[in-house]
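The block underneath contains the structure these notes are about, expressed in structure tokens.
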Amino acid sequence: MKIFLITFFSLLMGENAHAFPEMIRHNYPNCIACHEAPAGGGLLTAYGRTITHSVLSTWGGEKEARPFYGAFDNKYTQSWLNIGGDVRALQLYTNSKTTKQAMFIRMQTGVEAAVKYKQFKAVSFFGKQEAGNMVRGESIRHYLMYQPTDEITVRVGRFVPNFGLNIPEHTLATRKGLGFDQGTERDQIEGMWNGERLNVSGSFSKTVKTEQKKKQENAFTAQVNYVVYDTYRLGFNTWFGNEKQKTREIYGVNAVLGFTEKLYYLSEFDLQYGFDNKRGLFHFSKLGYEIVKGFHLLALEEYRKTDLKNEKTLLNAHGLGFQWFPRPHFDFEAIWNKRRVAQQSNDYTDYAYLMMHYYF
Amino acid sequence: MKFLIVLTATVFNFAFSAPKPLVSIPAKGKTTFEAVGKPAMIKIKGESPSAAALISFTDSNTSLSAILNLELLKTGIDMRDDHMKEKYLETKKFPEAKLVIATLKIPSTWSASPAPIKDQDFDGILTLHGKDVPVKGVFSLNDKKIAQAEFKIKLTDFNIEIPEYLGVKVAEVVTIKTEIQFE
């Protein structure tokens, strides 16, 4: 019954959206206008919802973009409460010399709510997707935020650290490869400055102990982004982690380049000195072109070598695809990749997916 | 008699050689504005075709007058344009903005021998939203007869309400740039 209710409410009330740093091409250098989280991703603000129809989607109207399609608009509750959530699934297809596989994966089902009081905000994402299409009634992301000025935010709670580019393709080398995948929320305290040109953040975090993850990494991360010519952003990020006397350090650079309102390019390079003292390189890049409003052609590329001295640790992929926002609340991304995992084979495997995302 | 002929010719010559005003080419140039939306520091940029402008010369003074049709302003988002024109600029009541710079330090002989004028400070009067407010800015005019002016305005000086939409509030000061091609 509990699971049924969660799923039911998720379908009714879902509200989530990924972060889209490429929105800089529309002069959005920071995430906080459209997302409740200052580092982007997750629950959309009321302003963000209007952007989903006016800037992001092929079709749709202002009212359609609102929570519950505007059916429960109420000025009083809107002033202190924001509810949303999302349902996200993936159809995956792989084809190599030895295997051919198609798989449907439900990735995320949950409800997210933000309660505001003056300069304080409490946010929680409720719903943990588990194997077998089960959803556990548990808050996987939650934080208390204080915003004393337009520029400054302080967050305490459990969330994914702000490191590198927060992109929706969370399985790529710079996200999953470095440990910033979905489900890698950490307990942390974070401070951020969101300026007109400069964006700086720093946080102290600790891995959440689970049955599977017994070791805890304590880490400090810092990120500096600088906006030039309004639609170009360059960033530098560092990570200093410590886990049972072993350390890892990551140094990265990233760029979000909005050449025009239609053409954009994102790229990130991270050099990791891992817990095993091995030096690894992690990289992704994404080139996008919006051919009609809401429909983007994409070229993606990733590279991961966890040990630069060991060829067997290489994973690289390149592919083409599209992302389509037909109407507010809907988001589809389809990518066809050629992927090589050196540990398995030197041959490239066909790897394709269709990601389907419904959010309120 | 000879003196009279020379004098008459000189006077006529002066009259005929009095510099013609510079008239803008409507299809060329543009006017832009830039505002910042807080808290996310969104850059809100608007653009319209060039203002209709005239630079007039007399022996003692050069002046500029430019009129902008506010209905032609666009920010790239239709809904934002509607809010800007209907709620804040009230373009139905106040369809135009007018900038008058009474004195520009440009010699009356400029048309005959155009020489670049760079970053000249100016004092002008901007009429917007039914209010006349003094503005200070920078003016340039190159030898291809392209003028550029930049100045900042405070929205509240013009009785324009500070735009706010769903938690994003526009900063009070807006930067205006205009580029005008003259014939």
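Residue pairs whose Cβ atoms lie under 8 Å apart, sitting 6 or more positions apart in sequence or on different chains, and linking a residue in region A:137-150 that is away from chain B (no Cβ under 14 Å) to a partner that is among the basic types (Lys, Arg) and not in a strand (DSSP E or B), are A:Gly137/A:Lys2. Here the condition is being in contact with a Pro (Cβ under 8 Å, 6 or more places away or on another chain) and either in a helix (DSSP H, G or I) or not polar (S, T, N, Q) (or both); of A:Gly127, A:Gly84, it holds for A:Gly84 alone.
Quick check on my filter: what residues within region A:241-262 are among the hydrophobic types (A, V, I, L, M, F, W, C) and loosely packed, with under 15 Cβ neighbours inside 10 Å? Please lay out each step first, then the result.
Of the residues in region A:241-262, the ones among the hydrophobic types (A, V, I, L, M, F, W, C) are A:250, A:253, A:255-257, A:259.
Result: A:Val253, A:Phe259.
Here B:Leu72 clears all of (1) within 14 Å of chain A (Cβ to nearest Cβ); (2) out of contact with any helix residue (DSSP H, G or I) (no Cβ under 6 Å at 6 or more places or on another chain) except the condition numbered (1). Taken as a whole, the condition of being surrounded by fewer than 18 Cβ atoms within 10 Å (Cβ to Cβ), away from chain A (no Cβ under 14 Å) and of a type in the set (Ser, Thr, Tyr) does not apply to B:Thr62.
Looking at this structure, is A:Tyr359 crowded, with 17+ Cβ neighbours inside 10 Å and in contact (Cβ under 8 Å) with a residue 24 or more places away in the chain? It would help to see each step written out before you state the result.
Working: crowded, with 17+ Cβ neighbours inside 10 Å: yes; in contact (Cβ under 8 Å) with a residue 24 or more places away in the chain: yes.
Yes; evaluated as a whole, the condition is true for this residue.
Being within 30 Å of A:Glu62 (Cα to Cα), within 12 Å of the chain's Cα centre (by Cα) and surrounded by 13 or more Cβ atoms within 10 Å (Cβ to Cβ) narrows it down to one residue among B:Ile180, B:Ile176, B:Ile160, B:Ile101; which is it? Lay out the reasoning, then the answer.
Values: B:Ile180 fails: within 30 Å of A:Glu62 (Cα to Cα); B:Ile160 fails: within 12 Å of the chain's Cα centre (by Cα); B:Ile101 fails: within 30 Å of A:Glu62 (Cα to Cα).
None of the others qualify; the one that does is B:Ile176.
Counting only strands (runs of 3 or more DSSP E) that sit completely within region B:102-183, zero hold 2 or more residues that are of a type in the set (Gly, Ala, Ser) and within 23 Å of A:Asn27 (Cα to Cα).
Residue-level analysis places A:Lys128 among those that are surrounded by fewer than 21 Cβ atoms within 10 Å (Cβ to Cβ) and within 22 Å of the chain's Cα centre (by Cα).
Taking helices (runs of 4 or more DSSP H) as the structural unit, those lying wholly within region A:30-78 and holding at least 1 residues that are more than 9 Å from chain B (Cβ to nearest Cβ), surrounded by fewer than 18 Cβ atoms within 10 Å (Cβ to Cβ) and out of contact with any Pro (no Cβ under 8 Å at 6 or more places or on another chain) correspond to A:62-65, A:75-78.
When the residues of region A:169-193 are filtered to those that are surrounded by fewer than 20 Cβ atoms within 10 Å (Cβ to Cβ) and either in contact (Cβ under 8 Å) with a residue 60 or more places away in the chain or among the aliphatic types (A, V, I, L, M) (or both), the one that is nearest to the other protein chains (Cβ to nearest Cβ) is A:Ile189.
Taking the stated definitions as given, is A:Gln323 polar (S, T, N, Q), farther than 17 Å from A:Met103 by Cα and buried (at least 18 other Cβ atoms within 10 Å of the Cβ)?
Values: polar (S, T, N, Q): yes; farther than 17 Å from A:Met103 by Cα: yes; buried (at least 18 other Cβ atoms within 10 Å of the Cβ): yes.
Answer is yes for this residue.
For region B:78-98, the candidate set comprises residues that are within 14 Å of another protein chain (Cβ to nearest Cβ) and buried (at least 17 other Cβ atoms within 10 Å of the Cβ); within that set, the residue that is modelled with the highest pLDDT is B:Met84.
The values are calculated or read from the model by the stated rules, or taken from the named source; none is laboratory data. Only a predicted model underlies this, so the values are computations on that prediction, with no experimental measurement involved. FYI the Cβ positions are ideal-geometry reconstructions off the backbone, even for glycines, and counts take in every protein chain you see.
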